[in-house]
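Taking it in order: structure first as structure tokens, then the write-up.
The values are calculated or read from the model by the stated rules, or taken from the named source; none is laboratory data. Predicted model only: the values in this text are computed from it and were never measured. Note that we place each Cβ from the backbone using ideal geometry, even for glycine, and neighbour counts take in every protein chain shown.
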Amino acid sequence: MEDFIRHLPKVELHLHIEGSLEPELMFKLAERNGISLPYANVEEARAAYHFHNLQSFLDIYYQGANVLITERDFFDLTWAYLMRCKADNVMHTEIFFDPQTHTERGIAFDTAINGIYHALRQGEKELGITSKLIMCFLRHLSEDAAFETLEQAKPHLHRLVGVGLDSSEVGHPPEKFARVFAEARALGLKAVAHAGEEGPASNIWDAMRLLHVNRIDHGVQCVQDPELVQELARTRMPLTVCPLSNTKLCVFDKMEDHNILSLLDEGLCVTVNSDDPAFFGGYMNDNFLALNTALSPSKEQLTQLSRNAIEAAFLNEDERKLLIQNLDDFWAKHGIH
Ligand code: ADE
Ligand code: ZN
């Protein structure tokens, strides 16, 4: 089964590029930019990655991003992630970046997006990995700050597929962002939002009804509301689920408790993703392998998780067909027997 998982063609839809900053690269960039880190070495940084909830992680995650200064830094960060995609048979990825994490400390919006975007284009050319870029608003900041970020994004609209909403969910429900999401959608952007990660099922309803999202990021708290679960199944609203993230942030005590396979069996469009892999213990293969160890999914279930991600991706129908063909070819070779 491990071999099956490693070779399974995958699509990632929930990845914060700042969360793919491995301690090794963090130290390299800190040295390059003359920045001091609160850790003596890589091992000490890794040892600090123990979290009891989302906020305890976010504090360390935002601090790590301080080493990202130049366009080259953002390029190197993104390139390192794409190499992991290659190793894990990720065919297509839709990544998030948090511009406000950088503009708040005086790094220009353009610096961040240029570095990330150029690495994504090079990844397409040299690695054959297709990609899209989603800009997230930080929900602990104001509506005005989100509108300002959308203004800064306007010269780069052709480089963005959508907007998202991340950071501290509890105490920051979606409604504050209804107007800025409406403007983003009017500009032709897709919409996604973190909802029902730590926060209540009502945040998932609100993301759908007030932000008109095309996908929900996480969404695992939907089980609090059976009517919501039914609605998610009926509409095939995708949930970008992040198994290792959920156990590292204590959303579930252990992987055996994770609800992704029950939701899959109830007909929801759940997908597997790595969220912040440098902090949570692994990339796509690691997430699938962790599910395999704890929940013993069938080959059909594993393949359906990949099929769901293809269904949920922001692609045109020709691009989608190509990915489905890859998955069908894989299934014909490795599926049955
Ligand atoms: N930013 C980075 N990772 C996040 C997560 N899992 N939830 C909310 N905001 C985030
Ligand atoms: Zn996330």
> Is it the case that residue 163 is modelled with pLDDT of 95 or more, crowded, with 21+ Cβ neighbours inside 10 Å and not small (Gly, Ala, Ser)?
Replying inline: yes
> Do we have any residue at all in region 150-160 that's of a type outside the set (Asp, Glu), within 16 Å of ligand 1 (Cβ to nearest atom) and more than 18 Å from residue 93 (Cβ to Cβ)?
Replying inline: no
> Within region 87-117, which residues are among the small types (Gly, Ala, Ser) and either assigned to a loop (DSSP other than H, G, I, E, B) or more than 16 Å from ligand 1 (Cβ to nearest atom) (or both)?
Replying inline: 87, 106, 108, 115
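Within region 8-43, which residues are free of Cβ contacts under 8 Å to residues at least 60 places away in the same chain and either among the aromatic types (Phe, Trp, Tyr) or in contact with a strand residue (DSSP E or B) (Cβ under 6 Å, 6 or more places away or on another chain) (or both)? Reasoning before the result, please.
To start, the set of residues in region 8-43 that are free of Cβ contacts under 8 Å to residues at least 60 places away in the same chain comprises 24-43.
Of everything in region 8-43, those that are free of Cβ contacts under 8 Å to residues at least 60 places away in the same chain and either among the aromatic types (Phe, Trp, Tyr) or in contact with a strand residue (DSSP E or B) (Cβ under 6 Å, 6 or more places away or on another chain) (or both) turn out to be 27, 39.
Out of the helices (runs of 4 or more DSSP H) lying entirely within region 1-81, which hold 3 or more residues that are within 18 Å of the chain's Cα centre (by Cα) and not charged (D, E, K, R)?
Working: elements: 2-7, 23-33, 42-47, 54-64.
Per the criteria, 54-64.
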> What is the one condition in (1) more than 25 Å from residue 82 (Cβ to Cβ); (2) in contact with a strand residue (DSSP E or B) (Cβ under 9 Å, 6 or more places away or on another chain); (3) hydroxyl-bearing (Ser, Thr, Tyr) that residue 283 does not satisfy?
Replying inline: (1)
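This table checks each residue for (1) at pLDDT below 95; (2) within 20 Å of the chain's Cα centre (by Cα); (3) not acidic (Asp, Glu).
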{"residue": "105", "(1), (2), (3)": "no, no, yes"}
{"residue": "118", "(1), (2), (3)": "no, yes, yes"}
{"residue": "125", "(1), (2), (3)": "no, no, yes"}
{"residue": "142", "(1), (2), (3)": "no, no, yes"}
{"residue": "148", "(1), (2), (3)": "no, no, no"}
{"residue": "152", "(1), (2), (3)": "no, no, yes"}
{"residue": "156", "(1), (2), (3)": "no, no, yes"}
{"residue": "175", "(1), (2), (3)": "no, no, no"}
> What number of residues in region 281-299 are crowded, with 24+ Cβ neighbours inside 10 Å and either more than 16 Å from ligand 2 (Cβ to nearest atom) or farther than 28 Å from residue 332 by Cα (or both)?
Replying inline: 1
>> Considering only residues that are surrounded by 19 or more Cβ atoms within 10 Å (Cβ to Cβ) and either away from ligand 1 (no atom under 12 Å from the Cβ) or farther than 23 Å from residue 214 by Cα (or both), which ones fall in region 230-242?
In response: 232, 237, 238, 239
